[in-house]
Amino acid sequence: MYQKTMAGFFAVSMFFLYLCPNALPAAEVDGDGTIKLTGNIAADISSQVSVREIESIGVSDITLYDPFDKKNTLFTGVWMDQFAAHFGESDVTQITFKAIDGYEFSFRQADWSETKALIATRAGKDYIGFDRKGPIRVVFPVYDPKKSKESLPKWIWMITEVNFR
Ligand SMILES: Nc1nc2c(c(=O)[nH]1)N[C@H]1C(S)=C(S)[C@@H](COP(=O)(O)O)O[C@H]1N2
Ligand SMILES: [Mo]
């Protein structure tokens with residue numbers, strides 16, 4: 001009887017979660033997740049860097065419009081130009097971000113020196129897991145919906161590797 005009740009409870013719970021997956025809280029993550037750095041990385045930098053180490057170069061808190069969530073969100077992260085200067089060799093002209101789903105996006109030096117791009121390590125003050133487009137993602141303080149076709153592909157998320165050239 002007890003077992004039958006428990007099995008029934010389990011089945012109902014699973015069905016509920018199937019109907020509303022958002023009832024599950026987002027996975028808890030800390031800043032210990034690591035990103036692989038490849039290519040022309042600076043001499044004193046190791047090929048595996050944690051999200052916390054990325055933040056150690058100095059973070060900014062920026063509230064910006066997230067065109068995917070369609071709402072304003074507080075992001076914390078480092079500016080791409082500072083990221084390039086710290087982790088890349090001094091003559092780096094291109095940075096390629098690679099995501100866990102195989103998506104890649106390359107930025108040229110003009111992209112990060114002329115346009116402000118934030119490498120976000122947190123959203124709403126919390127570290128972000130893959131389920132929230134982390135562990136790091138690229139976001140932009142200025143979003144122009146009229147130029148969405150060129151700009152949206154730059155919003156790469158679920159980044160696991162950064163290559164410097
Ligand atoms: N990791 C990852 N980031 C990504 C993508 C992706 O497939 N994977 N797609 C890019 C592209 S081409 C666009 S237009 C936007 C929006 O993708 P979506 O319309 O599939 O949500 O996210 C960008 N960032
Ligand atoms: Mo796209």
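Every Cα-Cα pair of segment 77-132 was included, and the share exceeding 15 Å stands at 55 percent. In a DSSP loop and with at most 14 other Cβ atoms within 10 Å, the chymotrypsin sites (Phe, Trp or Tyr not before Pro) in segment 85-140 are Tyr103.
Both radii come from the Cα set of segment 25-101: Rg as radius of gyration, Rh as Kirkwood radius; their ratio Rg/Rh reads 0.99. What's the local net charge at Thr93, with K and R +1, D and E -1, over the other residues with C-beta under 9 Å away? Charge balance near Thr93 sits at +1.
Computed on protein heavy atoms with a 1.4 Å probe, the accessible areas place Thr93, Thr73 in the order Thr93, Thr73, largest first.
Note the full-extension length gain between Glu161 and Leu74 as 0.36 nm times their separation in residues minus their Cα-Cα distance, in nm to one decimal. Don't skip to the end; give the middle numbers.
Numbers: separation 87, 0.36 × 87 = 31.32 nm, distance 2.38 nm.
Computed gain between Glu161 and Leu74 is 28.9 nm.
Using equal-weight Cα scatterers in the Debye expression, the normalised intensity of segment 109-165 in log10 at q = 0.15, 0.28 Å⁻¹ is -0.49, -1.21. Ordered from highest to lowest accessible area with the whole protein assembly present and a 1.4 Å probe, Val142, Val29 read as Val142, Val29.
A probe of 1.4 angstrom, applied to the heavy atoms of all protein chains, finds Lys125 with accessible area near 120 square angstrom.
Could you work out the percent of alpha carbon pairs in segment 33-165 separated by over 17 Å, rounded to a whole number?
Values: 4784 of 8778 pairs.
Of all Cα-Cα distances in segment 33-165, 54 percent exceed 17 Å.
Quick one: check the C-alpha center-to-center distance for segment 72-100 versus segment 33-49, whole angstrom. Using only Cα atoms, the two centres lie 12 Å from each other.
Between Tyr143 and Ser106, the modelled labels are 2.7 nm apart [label points 7 Å from Cα along Cα→Cβ].
The values are calculated or read from the model by the stated rules, or taken from the named source; none is laboratory data. For clarity, every value in this text was computed on a predicted model and none was experimentally measured. As a convention, Cβ positions derive from the backbone with ideal geometry for all residues, glycine included, and neighbour counts pool all protein chains shown. For the accessible areas, the whole protein counts, side chains as well, though only heavy atoms, and no ligand, DNA or RNA atoms are used. Shrake-Rupley method; radii C 1.70, N 1.55, O 1.52, S 1.80 Å.
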